[in-house]
Amino acid sequence: MARKCFISFKTEDASYKEAIQSMDIDMIDKSLDEAIDSDDEDYIMQKIREDYLSDSTVTIHLIGGKSAEHFGYEEQKYIKRELQASLYDGENNPRSGILGVVLPHMCNEIYRGSITCATCGGVHNCVKIGDETTVKEFSHNYYIPHEKCAHADEDRYCILVKWDDFVLDPNKYIEEAFSKREHSISNKVTVYP
């Protein structure tokens, strides 16, 4: 079944958005293709929420070199607000699944190998998702706080995938993000971390 997808991206990463739009994916593209003709930030976000996000079911968040929280609110205001609108669960705006796609130039920044845990002695993957790599709306809902020594898939609302894996089977990852909407972890989502 086709999922209604909104692609959240930085201008520098527009070529990846266009690549997704040209793939053979079972999705209804709800992405913004032309800038909204206004200088009023609140009006722009209102139009994005009403016309693009209100009925989308999955937000694909492209994680590139300029997607980090540490660049500041002014630089990230649209991505932050797009993800906030996607995470919000309201009467006429149900929560979307969130799929983070790590672009090739960010893979070494984010995927850091594995470590042996000092707490449990097990081996865990080291995935650097935080203010240096993405906005808090994604990182907080990828690493939802809990008492365990590591996060398993059931401890995360957001799905994360490398670009190279995404392009091999995009429908699989879109469906994983969509299914998180009904998962019990959705009760722990934070819209404004």
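Return a yes/no flag: does region 25-48 have any residue that is over 18 Å from Y142 (Cα atoms), without any contact (Cβ under 8 Å) to a residue 40 or more places away in the chain, of a type in the set (A, V, I, L, M) and in contact with an Asp or Glu (Cβ under 8 Å, 6 or more places away or on another chain). Spell out how you get there, then give the answer.
Applying the first criterion (over 18 Å from Y142 (Cα atoms)) to region 25-48 yields 25-48.
So of that shortlist, the ones also without any contact (Cβ under 8 Å) to a residue 40 or more places away in the chain come out as 28-44, 46-48.
Then drop every residue that is not of a type in the set (A, V, I, L, M), which leaves 28, 32, 35-36, 44, 48.
After this cut, where a residue has to be in contact with an Asp or Glu (Cβ under 8 Å, 6 or more places away or on another chain) as well, the list is 48.
Among the residues of region 25-48, at least one is over 18 Å from Y142 (Cα atoms), without any contact (Cβ under 8 Å) to a residue 40 or more places away in the chain, of a type in the set (A, V, I, L, M) and in contact with an Asp or Glu (Cβ under 8 Å, 6 or more places away or on another chain), which makes the answer yes.
Counting residues that are hydroxyl-bearing (S, T, Y) and modelled with pLDDT of 75 or more, which strands (runs of 3 or more DSSP E) fully inside region 27-120 reach at least 3? So that I can check it myself, show each step before the final result.
Values: elements: 27-29, 58-63, 97-102, 111-116.
Of the strands (runs of 3 or more DSSP E) lying wholly inside region 27-120, those with at least 3 residues that are hydroxyl-bearing (S, T, Y) and modelled with pLDDT of 75 or more span 111-116.
Within the bounds of region 68-75, is there any residue that is exposed (fewer than 13 other Cβ atoms within 10 Å of the Cβ), charged (D, E, K, R) and within 23 Å of L168 (Cβ to Cβ)? Write out each step before concluding.
Just the residues of region 68-75 that are exposed (fewer than 13 other Cβ atoms within 10 Å of the Cβ), to begin with: 70, 72-74.
Now restrict to residues that are charged (D, E, K, R): 74.
So of that shortlist, the ones also within 23 Å of L168 (Cβ to Cβ) come out as none.
Looking through region 68-75, none of the residues is exposed (fewer than 13 other Cβ atoms within 10 Å of the Cβ), charged (D, E, K, R) and within 23 Å of L168 (Cβ to Cβ).
Does region 83-98 include one or more residues that are crowded, with 22+ Cβ neighbours inside 10 Å, within 23 Å of I44 (Cα to Cα) and touching a His at 6+ places or on another chain (Cβ under 8 Å)? For region 83-98, residues crowded, with 22+ Cβ neighbours inside 10 Å, within 23 Å of I44 (Cα to Cα) and touching a His at 6+ places or on another chain (Cβ under 8 Å): present.
Might you let me know whether region 11-22 holds any residue that is more than 26 Å from N92 (Cα to Cα) and touching an Asp or Glu at 6+ places or on another chain (Cβ under 8 Å)? Looking for residues that are more than 26 Å from N92 (Cα to Cα) and touching an Asp or Glu at 6+ places or on another chain (Cβ under 8 Å), one finds at least one in region 11-22, hence yes. Against the condition in a loop (DSSP other than H, G, I, E, B) and under 14 Å from I7 (Cα atoms), how does D131 come out, does it pass? Taking the combined requirement at face value, the residue does not satisfy it. Within the bounds of region 95-108, is there any residue that is out of contact with any helix residue (DSSP H, G or I) (no Cβ under 8 Å at 6 or more places or on another chain), farther than 14 Å from T59 by Cα and polar (S, T, N, Q)? Yes, there is a match, as at least one residue in region 95-108 is out of contact with any helix residue (DSSP H, G or I) (no Cβ under 8 Å at 6 or more places or on another chain), farther than 14 Å from T59 by Cα and polar (S, T, N, Q). Identify, by number, the condition in (1) more than 24 Å from S186 (Cβ to Cβ); (2) buried (at least 20 other Cβ atoms within 10 Å of the Cβ); (3) of a type in the set (V, I, T) that I44 doesn't meet. Unmet condition: (2). Apart from one condition, T190 fits all of (1) closer than 24 Å to K80 by Cα; (2) not in a loop (DSSP other than H, G, I, E, B); the exception is (2). Applying a threshold of 8 Å to beta carbon distances and a minimum spacing of six or more residues, or different chains, the list of pairs starting in region 163-183 at a residue that is more than 25 Å from Y88 (Cβ to Cβ) and ending at one that is among the small types (G, A, S) reads V167/A19. Any residue that is loosely packed, with under 12 Cβ neighbours inside 10 Å, modelled with pLDDT under 95, among the aliphatic types (A, V, I, L, M) and within 18 Å of the chain's Cα centre (by Cα) - is there at least one of those in region 143-163? Within region 143-163 (the criterion being loosely packed, with under 12 Cβ neighbours inside 10 Å, modelled with pLDDT under 95, among the aliphatic types (A, V, I, L, M) and within 18 Å of the chain's Cα centre (by Cα)), the answer is yes, since at least one residue qualifies. Taking the listed residues E154, E91, E82, the one that is under 20 Å from K4 (Cβ atoms), in contact (Cβ under 8 Å) with a residue 24 or more places away in the chain and among the acidic types (D, E) is E82, with no other qualifying. Taking the conditions (1) part of a helix (DSSP H, G or I); (2) in contact with a Phe, Trp or Tyr (Cβ under 6 Å, 6 or more places away or on another chain) in turn, F6 satisfies each one other than (1).
So how many residues does region 142-163 have that are outside any loop (DSSP other than H, G, I, E, B) and either touching a strand residue (DSSP E or B) at 6+ places or on another chain (Cβ under 9 Å) or among the hydroxyl-bearing types (S, T, Y) (or both)? Working first, answer last.
Kept after step one, since they are outside any loop (DSSP other than H, G, I, E, B), are these residues of region 142-163: 142, 153-155, 159-163.
If we keep only those that are either touching a strand residue (DSSP E or B) at 6+ places or on another chain (Cβ under 9 Å) or among the hydroxyl-bearing types (S, T, Y) (or both) as well, we get 142, 153, 159-163.
Total satisfying the criteria: 7.
The values are calculated or read from the model by the stated rules, or taken from the named source; none is laboratory data. For clarity, every value in this text was computed on a predicted model and none was experimentally measured. Note that we place each Cβ from the backbone using ideal geometry, even for glycine, and neighbour counts take in every protein chain shown.
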